[in-house]
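Q: Take this structure, written in structure tokens, and hold onto it; I'll ask about it next.
Just so you know, all these numbers are worked out from the coordinates, no wet-lab data involved. Owing to the predicted nature of the structure, the values given are computational and were not obtained by experimental measurement. FYI the Cβ positions are ideal-geometry reconstructions off the backbone, even for glycines, and counts take in every protein chain you see.
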Amino acid sequence: MTQVTGKQICQVAFTALDAAALRQWYADVFGLVKSGKVIFFPPATSRVQGIRGAWEKCSWLIDQQDYFQLEFFQFWKPRTRLKDIDWRPCDIGYNMLGIAVNDFDQVLRNVCAYSAIPLPLVLGVAGERRACVTDPEGNWVEIYEQDPLTTIQGTCPGVVRPEVPAVVRTMRVSVPSLEEACTSFVDAMGLQRVDDFQLHTQKHEKLWGLPRARARSQVLRGANFLVELVEYTSPVAKPWPSGYSLADQGFMNIALGYRNSRDYARSFAQATSNGMRPNGKVLDGGVFQVMYVNDPHGFSVEMLNARPALWSLTGFNSAEGYVQNEIEINAPVSDVWRELTDHAGIGNWSIFSASVLRRGVPEPNGTGCIRELTAPCIRVTEEIVAWEEGRHYAYQLRTGAPLHKHQGDVFVTEANGHTKVRWAIRFESWIPFSNRMIAWLLGLAFRQALRKLKTRMEAYQPDSQF
């Protein structure tokens with residue numbers, strides 16, 4: 001087995017005709033979280049992207065992972081060229097994104113609801129199903145029921161936001177030469193071969209409309225992501241369009257992320273000494289270090305050191321209302337779960353008094369249960385919308401607060417002989433510019449509640465054993 005690499009794929013970028021609408025589609029279909037927006041302009045864009053005089057707006061989404069984002073560019077200048085009408089997923093370029101999802105059937109329903117298309121072809125047995133769809137701008141997306149990274153021995157999924165219901169895991173790349181592409185992505189960029197693993201076989205080609213295709217492939221991996229290089233022999237892959245630019249519609253590139261300047265400098269030297277051509281001198285604007293490099297066949301790779309203290313500016317932290325609290329409790333998981341899911345007893349450890357307005361089915365406190373929470377000047381109702389006995393439940397706000405898209409997730413897991421509780425809340429406020437303030441207030445309230453829960457659960461458990 002290949003030694004695990006530390007290389008982090010931190011981004012997949014799109015060039016879109018309507019970036020806001022495309023970003024919203026990925027948020028609606030996959031449940032990804034909005035994480036900010038910015039405008040880029042010359043001379044920095046020309047220097048980094050190699051696009052003379054480029055003006056563009058950029059926005060982001062984040063998934064379950066730490067230090068990863070989908071990035072959506074919309075160019076004002078130069079004008080974005082449309083993807084060719086006869087473009088095929090075997091043609092040269094970054095051609096298919098892969099996303100693993102928590103609820104495969106729900107995501108397929110979301111695709112139909114937000115795309116007005118019939119259910120796609122599904123391959124695989126329950127628990128390992130796959131389907132392929134195109135997003136509103138014609139980019140291919142593969143949907144995995146099973147996270148492919150977890151099928152490779154010795155990998156760690158790196159999930160930090162389990163309440164987000166999807167994680168971006170793969171990019172399929174059609175290349176003119178498999179060997180030369182491996183030189184670029186392995187020798188220059190530092191990804192590693194996975195020689196005992198296939199992401200796709202010939203039978204999968206019908207998912208994206210090439211049922212008789214023939215190709216050779218090589219899977220490469222970073223710490224968190226798989227890149228599948230594919231050289232098609234039939235049908236013959238078309239080259240880049242004449243005059244191709246990163247401002248053309250489609251997948252723009254992927255980015256490798258670095259966590260300190262020393263690693264960045266070392267990796268940049270490795271890339272450029274092994275055939276990757278930079279667009280210019282590395283830009284260090286304090287917020288990040290960044291430069292795009294290009295292989296001999298025209299594939300662009302971004303090299304980025306986004307400094308963690310400023311991730312809210314670079315789109316690696318949520319821009320929505322997002323509250324995350326975690327605590328460890330020295331008590332059995334079953335006892336903590338029982339206390340957390342006693343909706344009528346929430347007042348024992350939080351600021352709210354509570355009552356159950358409707359019992360759930362089949363668990364009285366489970367899916368379908370509606371609870372009412374009250375505190376001074378507050379009265380809200382919430383419905384339990386997901387339930388995994390002993391592990392996780394989710395609820396959504398139904399009435400009583402100036403919020404929408406409000407969902408809370410509570411997880412309990414065993415950790416080092418203790419019970420780890422994670423309570424995450426996501427929302428958008430009806431009140432302009434209030435997301436961060438409301439999140440701060442909710443964070444204080446729920447952090448205090450979890451501390452009180454910990455004190456209550458540990459009070460009579462000095463010798464608790466699991």
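Q: Among the aspartates and glutamates, select those whose C-alpha is under 17 Å from the C-alpha of Lys34, and discard any that sit fewer than 8 residues away in the same chain.
A: Those aspartates and glutamates meeting the cut-off are Asp18, Asp63, Asp66, Glu71, Glu163, Glu320, Glu428.
Q: Taking 28 Å as the cut-off for C-alpha to C-alpha distance, list the pairs among Lys203/Lys238; Lys37/Lys203; Lys37/Lys281; Lys7/Lys238 that go past it.
A: Lys37/Lys203; Lys7/Lys238
Q: Here's a follow-up. Calculate the FRET efficiency for Gln448 and Asp263 from the Cβ-Cβ distance with a Förster distance of 30 Å, rounded to the nearest 0.05.
A: 0.15
Q: With a Förster radius of 45 Å, plug the Cβ-Cβ distance of Arg277 and Lys420 into 1/(1 + (r/R0)^6) and report the FRET value to the nearest 0.05.
A: My answer for the efficiency is 0.45.
Q: Write out the trypsin sites (Lys or Arg not before Pro) in region 20-90 meeting two conditions: DSSP loop, and at most 10 other Cβ atoms within 10 Å of their Cβ. Display every interim value, and only then the final one.
A: Numbers: sites: Arg23, Lys34, Lys37, Arg47, Arg52, Lys57, Arg79, Arg81, Lys83; in loops: Arg52, Arg79, Arg81, Lys83.
Listed in order of number, the matching sites are Arg79.
Q: For region 8-314, what class follows from the C-alpha gyration tensor (a ≥ b ≥ c being the square roots of its eigenvalues): rounded when a/c is under 1.5, otherwise prolate if a/b is larger than b/c, else oblate? Walk me through the intermediate numbers first.
A: Values: a/c = 1.30, a/b = 1.23, b/c = 1.06.
Rounded, since a/c falls under 1.5.
Q: Once you order the gyration tensor axes a ≥ b ≥ c over the Cα atoms, which shape class does region 362-466 get: rounded for a/c under 1.5, otherwise prolate or oblate by comparing a/b with b/c? Let's see the in-between values first.
A: On the way: a/c = 2.06, a/b = 1.53, b/c = 1.35.
It is prolate, given that a/c is not under 1.5 and a/b is the larger ratio.
Q: Which of the GluC sites (Glu not before Pro) found in region 35-141 are in a DSSP loop and have at most 16 neighbouring Cβ atoms, other than their own, within 10 Å?
A: Sites meeting the loop and neighbour criteria: Glu128.
Q: Sticking with this one: Relative contact order for region 8-314: what is it in percent, counting Cα pairs under 8 Å that are at least 6 residues apart?
A: Details: 686 pairs, mean separation 68.6, N = 307.
Dividing the mean separation by the residue count of region 8-314 yields 22 percent.
Q: Another one. Given the C-alpha centroids of region 46-63 and region 73-140, what is the distance between them in whole angstrom?
A: With region 46-63 and region 73-140 each reduced to a Cα centre, they are spaced 22 Å.
Q: Nearest-5 percent of antiparallel DSSP beta bridges in region 141-252? Please list the in-between numbers first.
A: Details: 10 of 15 bridges.
Once the DSSP bridges in region 141-252 are tallied, antiparallel ones form about 65 percent.
Q: Using a basic spin-label model with each label point 7 Å from the Cα along Cα→Cβ, how many nm lie between Ser434 and Val122?
A: Inter-label distance under the simple model: 4.1 nm.
Q: While we're here: Among rounded, prolate and oblate, which fits region 159-234 when a ≥ b ≥ c are the square roots of the eigenvalues of its C-alpha gyration tensor, a/c under 1.5 means rounded, and a/b larger than b/c means prolate?
A: Taking the square roots of the gyration eigenvalues as a ≥ b ≥ c, region 159-234 is oblate.
Q: Related question: List the aspartates and glutamates whose Cα lies under 19 Å from the Cα of Lys206, skipping any in the same chain that are fewer than 8 positions away.
A: Hits, sequence-local ones excluded: Asp86, Asp91, Glu128, Asp135, Glu142, Glu145, Glu228, Glu231.
Q: Starting from the Cα of Lys420, draw a straight line to each of the lysines and keep only those under 19 Å, dropping any in the same chain fewer than 8 residues away.
A: Partners found: Lys452, Lys454.
Q: Find, among the trypsin sites (Lys or Arg not before Pro) in region 254-345, those assigned to loop by DSSP (not H, G, I, E, B) with at most 15 other beta-carbon atoms within 10 angstrom.
A: Arg259, Lys281
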